[in-house]
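The values are calculated or read from the model by the stated rules, or taken from the named source; none is laboratory data. Every value quoted in this text rests on a predicted model; they were computed, and no experiment measured them. Cβ placement follows ideal geometry from the backbone for every residue including glycine, while neighbour counts extend to all protein chains displayed. Calculation scope for accessible area: heavy atoms of the full protein, side chains included, ligands and nucleic acids excluded. Shrake-Rupley method; radii C 1.70, N 1.55, O 1.52, S 1.80 Å.
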There are 2 protein chains.
Amino acid sequence: MRVCLTVAYEGTNYHGWQVQPNGITIESVLNQALSDLLGEPIAVTGASRTDAGVHSMGNVAVFDTDTRIPAEKISYALNQRLPLDIVVQESKEVAADFHPRRCESRKTYEYRILNRRFRDPLRRYDTYFYYYDLDVERMRQAALYLVGEHDFRSFCSVHTCAETTVRTVYTLDVDKAGDVISIRICGNGFLYNMVRIIAGTLIQVGSGMIAPEQVKDILELRERAAAGPTAPACGLTMLGIVF
Amino acid sequence: MRVCLTVAYEGTNYHGWQVQPNGITIESVLNQALSDLLGEPIAVTGASRTDAGVHSMGNVAVFDTDTRIPAEKISYALNQRLPLDIVVQESKEVAADFHPRRCESRKTYEYRILNRRFRDPLRRYDTYFYYYDLDVERMRQAALYLVGEHDFRSFCSVHTCAETTVRTVYTLDVDKAGDVISIRICGNGFLYNMVRIIAGTLIQVGSGMIAPEQVKDILELRERAAAGPTAPACGLTMLGIVF
């Protein structure tokens, strides 16, 4: 059967999602725990190959197995074998042809900025600390230019291998709760570093370095150098995927 | 001059606040960083001697110094020398006779319970994970019996050295936001393990093990064995003190 896992993790201690020769990754830890549990070699296919240091509440991984353990029980058995910073939230059987990257989906990411005078030791894992006051209203105005179908080449790492840089952003909301500013973005897919470059650019807008209207020009220039810096990975959490 | 620090910390990696022979404590780290910074031996006096693993957003520490560094600048210089899990939020000069344990104060603590089916790796530091459904309304009813001036002997570790076990609880609120239940308690002082025993007892009420009205009987028995277990330290955060 084909099994689908919903995987939450704190990415601080990992070299990202994808298996790589030098460094422990979320995918490699999952593969090892699943292979040990099920007694057969398992290699999962992930929906989002998150970067080093990025967190998730709901990444999706799929694999095939001959096990007789019911699909929905695998999560409990697997969590016994996983480190504390990776927790499977759900396991279920899916159609044999389900592939998490080859079907339409809506992904939601959240970038969190801790905007206050001093660091908060309890929020240092999943927020990016930013000292200077950010104007949320300006960030909201700028965000509006990014909603819709656009060529996001300006908001994409030059190291991308994507065939096309056109993506659709369904929603892009900027909210403030206490001293945490959240940039929440939902789209049909994201380019390499796209959410972090959008966050870095909105931070420049919020701090007054660039005008909200300039984001429209940045988008039209289709050039990475036009946008703001890539915001640090620690502030980014993948919230979930709807297929 | 006498300087007062507001100190935030994640307590996970420390043997509590108070200096002790075996193990690193918040107080010992502060003393060393201050002594190095100011070039004179410093020993702070803390307001709350939090237990091992307990966190704080606003504990208070006081010390005397001959330094010419302005009091309000000490926080910035000190944070450069502190580990990432201890962050001074404010430093200011106070009256030469101010003592954080020998004056009237209101302390606020929050106990956070993550009440869901699976652990959340991003909330594992500052919440206590509890799998079974908790009924917040029952917990609120039980909490009402604890508000006011009472002899809290039942909610105090038998290892206490307190002269009296009478304390006043001004407010005790139970709230739920998403899957986090917060027990927020404000009082004129707390006995050894008092907040964690109150949390452990309210969890028993919320899970249906004991009735809300039983908390009145537990209080009147004045006996530690009558109350629920001491809830784990990781869920407890000291929020602040008002003098």
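See the values below:
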{"read-out": "Threshold 40 Å² - residues in region A:46-65 whose accessible area is reduced by that much or more when the chain is no longer isolated, probe 1.4 Å", "value": "A:Met57"}
{"read-out": "Coordinate range along principal axes, alpha carbons of region B:10-74, Å, largest first", "value": "35, 24, 16"}
{"read-out": "Expected 222 nm ellipticity per residue - DSSP helices of 4 or more, -39500 (n - 2.57), all of the protein assembly as shown, to 500", "value": "-6500 deg cm²/dmol"}
{"read-out": "Alpha-carbon gyration tensor eigenvalues x 5, square-rooted, for region B:98-155, Å", "value": "29, 19, 9"}
{"read-out": "B:Arg116 paired with B:Met1, simple spin-label distance in nm, labels 7 Å along Cα-to-beta-carbon", "value": "4.6"}
{"read-out": "Cα gyration tensor shape of region A:95-243, rounded if a/c is under 1.5, else prolate or oblate by comparing a/b with b/c", "value": "oblate"}
{"read-out": "Size of charge dipole - the protein assembly as shown - debye, nearest 20, with Cβ of Lys, Arg +1 and Asp, Glu -1, no other charges", "value": "20"}
{"read-out": "Loop-located GluC sites (Glu not before Pro) in region B:88-187, at most 16 other Cβ atoms within 10 Å (DSSP)", "value": "B:Glu104, B:Glu163"}
{"read-out": "Rounded percent of accessible protein surface that carbon and sulfur make up, the protein assembly as shown, 1.4 Å probe", "value": "47"}
{"read-out": "Positive-pole candidate from A:His15, A:Ser207, A:Leu172, dipole of chain A, charges at beta carbon", "value": "A:Ser207"}
{"read-out": "Chain pair B, A: total accessible area buried, heavy atoms, 1.4 Å probe, Å²", "value": "2200"}
{"read-out": "Using a 7 Å Cα-to-Cβ projection, A:Ile69 label spacings across copies, nm, ascending", "value": "5.3"}
{"read-out": "Accessible-area ranking of A:Asp36, A:Asp179, largest first, probe 1.4 Å", "value": "A:Asp36, A:Asp179"}
{"read-out": "A:Gln80/B:Asp151 FRET efficiency (R0 35 Å; Cβ-Cβ; nearest 0.05)", "value": "0.20"}
{"read-out": "Gain on full stretching of the segment that runs from A:Asp179 to A:Gln32 - 0.36 nm per residue minus C-alpha separation", "value": "49.0 nm"}
{"read-out": "Of all chain B residues, the one whose C-beta is nearest the axis that brings B onto A, in angstrom", "value": "B:Tyr125, 4"}
{"read-out": "Mean projection area, nm², convex hull over Cα of the protein assembly as shown", "value": "26.6"}
{"read-out": "Where chain A is the region considered: accessible area per residue in Å², 1.4 Å probe", "value": "46"}
{"read-out": "Chain-alone versus full-assembly comparison, region B:121-149, residues with accessible loss of at least 50 Å² (1.4 Å probe)", "value": "B:Pro121, B:Leu122, B:Arg124, B:Tyr125"}
{"read-out": "Where a label projected 7 Å from the Cα of B:Tyr170 along Cα→Cβ would reach, residues of region B:208-243 with amide N under 12 Å", "value": "B:240-243"}
{"read-out": "Gain on full stretching of the segment that runs from B:Tyr131 to B:Met209 - 0.36 nm per residue minus C-alpha separation", "value": "26.6 nm"}
{"read-out": "Estimated dipole of chain B in Debye, rounded to 20 [Cβ of Lys and Arg +1, of Asp and Glu -1, Cα centre]", "value": "320"}
{"read-out": "Separation of alpha-carbon centers, region B:47-101 and region A:128-190, rounded to whole Å", "value": "38"}
{"read-out": "Of B:Ile218, B:Ala143, B:Phe129, farthest towards positive along the dipole that unit charges on Lys, Arg, Asp, Glu beta carbons give chain B", "value": "B:Phe129"}
{"read-out": "Under the Debye formula (equal points on every Cα, no solvent term), log10 I(q)/I(0) of region B:23-174 at q = 0.09, 0.10, 0.14 Å⁻¹", "value": "-0.43, -0.53, -0.94"}
{"read-out": "Protection proxy ranking, peptides B:122-129, B:14-21, average beta carbon neighbours within 10 Å, highest first", "value": "B:122-129, B:14-21"}
{"read-out": "7 Å along Cα→Cβ, label-point gaps from B:Arg102 to other copies, nm, shortest first", "value": "7.7"}
{"read-out": "Three principal axis lengths of region B:188-231 [C-alpha, angstrom, descending]", "value": "28, 20, 19"}
{"read-out": "Low-density loop cleavage sites - trypsin sites (Lys or Arg not before Pro) in region B:156-243, where at most 15 other Cβ are within 10 Å (DSSP)", "value": "B:Arg222"}
{"read-out": "HN-Hα J in Hz across region B:42-52 - Karplus 6.51, -1.76, 1.60, θ = phi - 60°, x for Gly and Pro", "value": "10, 10, 6, 10, x, 7, 10, 8, 5, 6, 4"}
{"read-out": "Nearest-first distances (nm) between copies at A:Pro83, label 7 Å from Cα via Cβ", "value": "1.8"}
